[in-house]
Amino acid sequence: MTSATRRLHLERHRGERIGWLRAAVLGANDGIVSTASLVVGVAAAQASPSAIVMTAVAGLVAGAMSMAAGEYVSVHSQADTEKADLDRERRELAADPQAEERELATIYEGRGLAPGLAQQVAQQLMAHDALGAHARDELEVSQTLAARPVQAALTSAASFAVGAALPLLVAVVAPAGSLLAWVPGTALVFLALLGALAARTGGAGLLVGAWRVTFWGALAMAITAGVGALFGAPVG
């Protein structure tokens with residue numbers, strides 16, 4: 001094996017970050033938007049400063065727990081589906097390995113290999129790791145994209161709490177009479193930074209990532225403020 005080949009095994013790709021990056025961005029974005037929207041909504045409804053802060057604290061705790069539970073259940077369902085598919089594939093391999101080898105060869109032919117070469121590749125991969133080959137090429141289940149419920153739950157909860165803490169801190173330190181300016185203004189800055197950071201981590205364009213997150217966050221806060229002002233009561 002050459003030194004160049006050995007280096008390939010150490011190469012890391014951005015796709016390896018998909019699992020935790022998705023959960024982290026989703027959690028932080030929800031934390032900023034939902035908490036800022038709560039603060040803006042109750043402030044527009046003329047609530048007292050203490051009620052505004054308590055609402056933000058309650059939103060942080062409830063939101064973090066909700067994100068953790070939701071992510072765990074959702075991703076665990078994905079993991080259960082993957083496990084069921086792998087169990088079925090394991091039984092099919094034990095019952096009729098020749099048919100499974102032909103199935104694998106057909107997949108490789110569909111990707112552009114000549115029939116003879118596709119058959120050779122299928123034979124060698126089946127001899128090396130039959131279940132792994134079918135998991136990767138038939139079921140499209142890989143180690144990189146495999147469901148990790150606990151990781152997703154913890155990442156979402158922690159990132160939500162961090163995101164929610166930002167507008168909460170602003171609500172605590174900003175003058176009570178100007179909360180409707182300070183909270184949404186700083187929240188938009190936080191969202192733009194989050195979008196740019198997520199885009200940079202994932203290899204996307206910084207401006208596009210920042211604009212996408214900021215636009216939808218601004219829309220959510222505007223609607224919540226409008227509801228609070230319309231009904232004159234705290235809403236979430």
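Results, tabulated for the structure shown:
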| quantity | calculated |
| --- | --- |
| Candidates 117, 93 - the one that is without any contact (Cβ under 8 Å) to a residue 12 or more places away in the chain and more than 33 Å from the chain's Cα centre (by Cα) | 117 |
| Only one of 204, 135, 218 that is assigned to a helix (DSSP H, G or I) and either at pLDDT below 80 or open to solvent by less than 20 Å² (accessible area, probe 1.4 Å) (or both) | 135 |
| Some residue of region 21-32 being at pLDDT 85 or above, of a type in the set (D, E, K, R), closer than 23 Å to residue 148 by Cα and open to solvent by 30 Å² or more (accessible area, probe 1.4 Å) | yes |
| Among residues of region 40-81, those that are open to solvent by 30 Å² or more (accessible area, probe 1.4 Å) and acidic (Asp, Glu), counted | 1 |
| Residue within region 44-51 that is over 11 Å from residue 161 (Cβ atoms), modelled with pLDDT under 85 and outside any loop (DSSP other than H, G, I, E, B) present | yes |
| Among (1) out of contact with any Pro (no Cβ under 6 Å at 6 or more places or on another chain); (2) assigned to a helix (DSSP H, G or I) - the single one residue 75 does not satisfy | (1) |
| Options 104, 86, 113: the member that is part of a helix (DSSP H, G or I), more than 30 Å from residue 24 (Cα to Cα) and open to solvent by less than 80 Å² (accessible area, probe 1.4 Å) | 104 |
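The values are calculated or read from the model by the stated rules, or taken from the named source; none is laboratory data. Nothing here was measured: the structure is a model prediction, and the numbers come from that model. Backbone-built Cβ (ideal geometry, glycine too); neighbour counts: all protein chains shown. Just so you know, the surface numbers come from the protein's heavy atoms only, side chains and all, with ligands and any DNA or RNA stripped out. Shrake-Rupley method; radii C 1.70, N 1.55, O 1.52, S 1.80 Å.
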